[in-house]
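Everything on this sheet refers to the single structure shown next.
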Amino acid sequence: MGNVYVRIGIYRYAYHTDLDCPALNGKPETYQGREELAEEEARAQGLRACRQCKR
């Protein structure tokens, strides 16, 4: 398992493998940036894998 990306702010439900994923970068009114985490840490925070990201 490697590193993944998560949104900073509200509407944070999934972790992302694709930096261009629209779910990662969408909702500009609530977007406060993104951070990189280990996939294990993202799962420990209750986040799931994004279904829109390219694998």
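No value in this document is a laboratory result; all are computed from the given coordinates. None of these values were measured; they are calculated from a predicted model. Counting neighbours? That spans all protein chains shown, and the Cβs are built from the backbone with ideal geometry, glycine included.
Conditions (1) surrounded by 15 or more Cβ atoms within 10 Å (Cβ to Cβ); (2) polar (S, T, N, Q); (3) in contact with an Asp or Glu (Cβ under 8 Å, 6 or more places away or on another chain); (4) assigned to a helix (DSSP H, G or I), marked per residue:
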{"residue": "VAL6", "(1), (2), (3), (4)": "yes, no, yes, no"}
{"residue": "TYR11", "(1), (2), (3), (4)": "no, no, no, no"}
{"residue": "ASP18", "(1), (2), (3), (4)": "yes, no, no, no"}
{"residue": "GLN32", "(1), (2), (3), (4)": "no, yes, no, no"}
{"residue": "LEU37", "(1), (2), (3), (4)": "yes, no, no, no"}
{"residue": "GLU40", "(1), (2), (3), (4)": "no, no, no, yes"}
{"residue": "GLY46", "(1), (2), (3), (4)": "no, no, no, no"}
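Kindly check whether there is at least one residue in region 21-44 that is without any contact (Cβ under 8 Å) to a residue 12 or more places away in the chain and either among the small types (Gly, Ala, Ser) or in contact with a Pro (Cβ under 7 Å, 6 or more places away or on another chain) (or both).
Yes, some residue in region 21-44 is without any contact (Cβ under 8 Å) to a residue 12 or more places away in the chain and either among the small types (Gly, Ala, Ser) or in contact with a Pro (Cβ under 7 Å, 6 or more places away or on another chain) (or both).
Provide a single number: the residues in region 6-20 that are more than 14 Å from ALA44 (Cα to Cα) and either without any contact (Cβ under 8 Å) to a residue 12 or more places away in the chain or touching a Cys at 6+ places or on another chain (Cβ under 9 Å) (or both).
4
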